[in-house]
């Protein structure tokens, strides 16, 4: 299954997803989604470029599903496998100093029904779709610098 990847400011990602909704072919390709939220700081003070990233892995959901149903429909068949593969690809890519999955330090949050009103009212989420997602917070990576 192809996974859509977007990066940028959350409002830009939302605008892109909204635009995709207007095209039936593109709309079917919106999810599953990996979204990298920018802006992020880059620390150049050492041998590596240190970054701390925020991402989500998301799938469409229904607002009527219960928590157990969300795990059965969204998390176990889609979100967890994509999450596992993402961490594996990061560790094996060669672009980062982190060369094993255990070295890829981050905080993982299962977000059930991260929908229009979000978790904490209108400011909880700016996406226009009902989604279940895994939020990856504080993903700390040491990017290998190329010697020119």
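Annotation note: of 113, 127, the sole residue that is under 19 Å from residue 77 (Cβ atoms), buried (at least 19 other Cβ atoms within 10 Å of the Cβ) and either touching a helix residue (DSSP H, G or I) at 6+ places or on another chain (Cβ under 9 Å) or modelled with pLDDT of 90 or more (or both) is 113.
Would you confirm, using the coordinates I've provided, whether residue 14 is closer than 17 Å to residue 61 by Cβ, out of contact with any strand residue (DSSP E or B) (no Cβ under 8 Å at 6 or more places or on another chain) and either in contact (Cβ under 8 Å) with a residue 40 or more places away in the chain or crowded, with 16+ Cβ neighbours inside 10 Å (or both)? Explain how you work it out, then say what you get.
Values: closer than 17 Å to residue 61 by Cβ: yes; out of contact with any strand residue (DSSP E or B) (no Cβ under 8 Å at 6 or more places or on another chain): yes; either in contact (Cβ under 8 Å) with a residue 40 or more places away in the chain or crowded, with 16+ Cβ neighbours inside 10 Å (or both): yes.
Against the criterion (closer than 17 Å to residue 61 by Cβ, out of contact with any strand residue (DSSP E or B) (no Cβ under 8 Å at 6 or more places or on another chain) and either in contact (Cβ under 8 Å) with a residue 40 or more places away in the chain or crowded, with 16+ Cβ neighbours inside 10 Å (or both)), residue 14 qualifies.
Return the residue satisfying two criteria in turn: it lies in the stretch 73-102 and is touching a helix residue (DSSP H, G or I) at 6+ places or on another chain (Cβ under 7 Å) and exposed (fewer than 15 other Cβ atoms within 10 Å of the Cβ), and of such residues it is farthest from residue 46 (Cα to Cα). Across the stretch 73-102, the extreme among qualifying residues is 88.
Applying the selection to the stretch 67-101, what residues are part of a loop (DSSP other than H, G, I, E, B) and in contact (Cβ under 8 Å) with a residue 24 or more places away in the chain? Write out each step before concluding.
Filtering the stretch 67-101 down to residues part of a loop (DSSP other than H, G, I, E, B) leaves 93-95, 97-100.
If the condition is that a residue be part of a loop (DSSP other than H, G, I, E, B) and in contact (Cβ under 8 Å) with a residue 24 or more places away in the chain, then 94, 95, 97, 98 are the ones that fit.
When the test is whether a residue is assigned to a helix (DSSP H, G or I), more than 24 Å from residue 105 (Cβ to Cβ) and either out of contact with any helix residue (DSSP H, G or I) (no Cβ under 7 Å at 6 or more places or on another chain) or in contact (Cβ under 8 Å) with a residue 60 or more places away in the chain (or both), residue 64 does not pass it.
Among the residues of the stretch 102-109, is there at least one that is modelled with pLDDT under 90, more than 21 Å from residue 2 (Cβ to Cβ) and part of a loop (DSSP other than H, G, I, E, B)? Lay out the reasoning, then the answer.
Applying the first criterion (modelled with pLDDT under 90) to the stretch 102-109 yields none.
Within the stretch 102-109, none of the residues are modelled with pLDDT under 90, more than 21 Å from residue 2 (Cβ to Cβ) and part of a loop (DSSP other than H, G, I, E, B).
When residue 41 is tested against the conditions (1) surrounded by 11 or more Cβ atoms within 10 Å (Cβ to Cβ); (2) within 14 Å of residue 139 (Cβ to Cβ), the lone failure is (1).
The values are calculated or read from the model by the stated rules, or taken from the named source; none is laboratory data. This is a predicted model, so every value here is computed, not measured. Methodologically, a virtual Cβ is constructed for each residue, glycine included, from the backbone with ideal geometry; neighbour enumeration extends over all protein chains shown.
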